[in-house]
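Novice: First the structure, which I've put down as structure tokens, then a few questions once you've had a look.
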Amino acid sequence: MPVYYKPTDGWTGDFIPFYWNGEYHLFYLKDYRDKANHGEGTPWFHLSTRDFIHFTDHGEAIPRGTELEQDLYIFTGCVYEHQGLFHIFYTGHNPHFRKAGKPEQAVMHATSRDLIHWEKDPANPILYADTDRYELHDWRDPFIFWNEDTQEHWMLLAARVKHGANNRRGITVLCASKDLIHWEIRDPFWEPGLYFTHECPDLFRMGDYWYLVYSTFSERMITHYRMSTSLEGPWTAPTNDSFDGRAFYAAKTASDGMRRFAFGWIPSRTNEEDTGSWNWGGNLVVHELQQQSDGVLTVCPPVELFGHFNRTIAINPQPEVGEWTLHNGDASAEATDSFAWCRMGHMPGSCLIETTIRFSDNTRGCGLLLRSDESIDHYYMLRLEPGRQCVLFERSPRPGDEPPIIERPLLLDSAKPVQLRMFVEGTVIVAYVNDEIALSVRGYEHRTGDFGVFVAEGAASFSRTELKGVPE
């Protein structure tokens with residue numbers, strides 16, 4: 001079973017994580033590849049894991065309804081334990097209802113004693129939008145937590161107000177309950193006037209800060225977060241307000257009380273082409289979140305992954321372009337007005353590449369080439385650009401007006417080394433820079449080849465470069 005999990009007969013989307021008794025239970029929306037035989041709608045499926053490497057597949061958790069029922073599509077929600085009973089609050093979505101003037105979306109409910117066997121609430125749907133204040137058809141992705149101060153269960157929902165510019169009506173709605181049965185719809189929890197909607201809300205406290213996590217598809221297709229010292233706000237944005245880039249979506253978090261992880265998915269692309277449209281659904285990606293002294297969150301790989309990518313593969317640095325100095329496996333080059341490239345070795349289909357980069361002032365670019373051919377005409381590239389203060393992932397060849405596949409801002413200082421860690425599993429590529437930011441991406445068109453290091457118009461050194469494979 002792959003580390004970046006997907007079912008063999010479809011794709012995963014919108015993971016709903018829940019930690020219980022040493023295991024992370026990962027419920028997810030399943031998108032069947034063969035829709036002709038499986039029909040319309042999305043059910044919830046269920047995985048569990050203790051280490052993010054080995055997964056137990058528990059099969060379907062909540063079956064979708066029929067075309068005559070609210071939950072033909074079971075959209076995102078949450079898992080919640082109260083007094084020994086497990087609850088799932090989820091979105092029932094039926095696009096056919098809109099034509100009949102009925103709500104397209106509503107909150108629904110199911111319960112379980114063991115997290116495996118679930119029963120839908122006969123009272124479903126349990127909560128519709130208050131159409132005096134909120135739009136009828138956008139009412140989804142319930143997230144529930146216990147508010148100790150008010151002694152209430154609070155529910156956050158993705159919704160839209162009925163006034164203002166159409167693409168800025170997105171809000172996070174607040175509902176409250178004393179018993180998980182009767183819900184009061186209140187004023188918006190957060191109404192920034194920034195987005196079409198705030199999907200998949202998630203909330204947690206770490207230290208002195210509350211964090212509100214949500215995903216958007218209007219301004220950018222990305223998972224954001226905001227932070228505050230109070231549930232009443234204000235909810236402020238850090239300089240870098242995301243965990244990853246375009247190819248990590250609908251992330252929600254879970255914690256064992258000591259560590260917290262963000263569970264998202266990397267989308268597939270149409271026709272398995274690097275230029276294909278990003279699709280809904282893909283593979284699981286898990287990042288560990290770490291809080292810095294100023295409250296800002298950074299991401300790093302779960303340490304458990306290093307126990308899987310642990311088979312040392314010897315590298316053999318071979319300078320091919322430019323002048324290189326080699327010493328005990330380290331490589332450095334000066335290419336003030338040119339390009340230098342050193343081939344390191346062949347990449348297996350699943351592997352981990354690590355290196356530490358030091359670059360000189362005014363270096364235009366440096367980094368890794370992946371799955372390169374002999375002529376270095378075809379490859380993927382992870383490039384640091386100190387002048388533009390960013391890191392990006394791109395492919396070659398590509399048209400001149402085609403943007404990089406992924407680009408993320410990053411503070412780069414020639415006085416500070418940069419650590420790169422890149423996990424590769426088939427078409428899934430997940431890079432971490434300085435245990436600070438992540439870049440998840442697909443790589444379809446170059447499936448095999450070598451990796452190496454490069455410098456473009458500058459000078460750089462690469463030390464502690466390692467290649468690790470998975471157990472054979």
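Novice: Take the residues of region 268-308 that are surrounded by 14 or more Cβ atoms within 10 Å (Cβ to Cβ) and among the aliphatic types (A, V, I, L, M): which is nearest to Trp235 (Cα to Cα)?
Specialist: Val296
Novice: Looking only at region 18-38, how many residues end up being among the aliphatic types (A, V, I, L, M) and at pLDDT 95 or above?
Specialist: Total satisfying the criteria: 2.
Novice: Could you check region 105-130 and list, in sequence order, the residues that are open to solvent by 60 Å² or more (accessible area, probe 1.4 Å) and either closer than 16 Å to Leu156 by Cα or not acidic (Asp, Glu) (or both)?
Specialist: Selection gives Arg113, His117, Lys120, Pro122, Ala123, Tyr128.
Novice: Only one of Arg421, Arg464 is outside any loop (DSSP other than H, G, I, E, B), modelled with pLDDT of 95 or more and under 17 Å from Tyr380 (Cα atoms); which?
Specialist: Arg421
Novice: Okay, next question. Looking at (1) in a strand (DSSP E or B); (2) surrounded by fewer than 23 Cβ atoms within 10 Å (Cβ to Cβ); (3) aromatic (Phe, Trp, Tyr), which one does Tyr195 not meet, given that it meets all the others?
Specialist: That leaves (1) as the condition not met.
Novice: Determine, yes or no, whether Asp31 is open to solvent by 70 Å² or more (accessible area, probe 1.4 Å), under 19 Å from Gly264 (Cα atoms), in a strand (DSSP E or B) and not hydroxyl-bearing (Ser, Thr, Tyr).
Specialist: no
Novice: Given the options Arg311, Arg398, name the one that is open to solvent by 40 Å² or more (accessible area, probe 1.4 Å) and either at pLDDT 95 or above or farther than 19 Å from Ala431 by Cβ (or both).
Specialist: Arg311
Novice: Residues Leu384, Leu467, Leu411, Leu368: which one is hydrophobic (A, V, I, L, M, F, W, C) and under 22 Å from Thr223 (Cβ atoms)?
Specialist: Sole residue among the options that is hydrophobic (A, V, I, L, M, F, W, C) and under 22 Å from Thr223 (Cβ atoms): Leu411.
Novice: Within region 153-182, track down each residue that is open to solvent by 40 Å² or more (accessible area, probe 1.4 Å) and part of a loop (DSSP other than H, G, I, E, B).
Specialist: Across region 153-182, the qualifying residues are Lys162, His163, Gly164, Ala165, Arg169, Lys178, Asp179, Ile181, His182.
Novice: Give the residue, chosen from Phe89, Phe97, that is crowded, with 16+ Cβ neighbours inside 10 Å and not in a helix (DSSP H, G or I).
Specialist: Criteria check complete, one pass: Phe89.
Novice: Can you name the residue in region 171-216 that is touching an Asp or Glu at 6+ places or on another chain (Cβ under 7 Å) and of a type in the set (Phe, Trp, Tyr) and is also nearest to Pro238 (Cα to Cα) among such residues?
Specialist: Residue satisfying both the conditions and the ranking: Tyr214.
The values are calculated or read from the model by the stated rules, or taken from the named source; none is laboratory data. Small disclaimer: the values here were computed from a predicted structure and weren't measured. For neighbour counting, all protein chains shown are included, and Cβ atoms are generated from backbone atoms with ideal geometry for every residue, glycine included. These area figures cover heavy atoms from the full protein model, side chains too; ligands, DNA and RNA do not enter into them. Shrake-Rupley method; radii C 1.70, N 1.55, O 1.52, S 1.80 Å.
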